[in-house]
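A short reminder: the numbers here are calculations on the coordinates, not readings from a lab. Computed from a predicted structure; not experimentally measured. Positions of Cβ are backbone-derived with ideal geometry, glycine not excepted, and every protein chain shown enters the neighbour counts.
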Amino acid sequence: MSTPNFRFKQFTVWHDKCAMKVGTDGVLLGAWCTPTPRFTDSPIHRFTILDIGTGSGLIALMLAQRCPDAHIDAIDIDPQAIEQATYNFAQSPWSKHLSAHLSPLQSWHPDSPIHRFPDSPIKYDLIVSNPPYFVDSLKNPDKGREQARHTDTLSYEDLLKHSARLLNEQGTLALVLPASAEEQIIRLASNYGLYPVRLTRVYSKPDRPTPIRILIEFCKESPIFPEVSPLMGDLEGSSLCISSSTSPCSAEYAEMTKDFYL
């Protein structure tokens, strides 16, 4: 039986009311993504982040630790998740900069009356998501977990379309996805003017030849790879192995998460 909370170095995440518990996917994305402006000549403003499908608020809290002055909006369609995230945010050192909202991505507008930071930019500098990813699998009898896992509530198409709508022109979209979705997500993203600029393929063990996840960042233009076609299906990327041959935690994974895990 899982414990009701998970303690990190600077915060605790309660997840007993959430369909999806604290897991490796969220930790990977929170530690890997880039919560800083991509261009040094960007106008100076308060850095803004949107966490789509926040669940317990794990990724938002990790980003608050990494970027403590940022304004972070976290949205979810599960009332229990929002209740849990709101509590976790309130108990953290960054409570004034974190805000949880019950809203689907499709109708979320940061300048709506519910938004708590009316003086912040309408567009986000960074959007992150650990989205639902089961497309054609058997449904879980646990309705909350089913909703969190299946793309019925948030398709890749909607995720990319509305992320493009909410992202500023120099912003970044960061996702963690099944490795099998790599080609599909890159092709779909190009339909909305989003192009991959960073990619890491994640492997469970050194002797497993097939990646289990991808960590991928998109932007609205490609300053890093301007000569590559919009589909960029041959983006080389890097790799990360979670465990080693002798330990459940590899040296590279330990290095990536050292600021968070106890």
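Tell me, what is the Rg over Rh of segment 62-111, with Rh the Kirkwood radius over Cα pairs?
The Rg/Rh ratio comes out at 0.97.
Between residue 183 and residue 34, 0.36 nm times their residue separation minus their Cα-Cα distance comes to what?
That works out to 51.4 nm of additional length.
Roughly what would the spin-label model give for residue 239 and residue 95, points 7 Å off Cα along C-beta, in nm?
Here the answer is 4.6 nm between the modelled labels.
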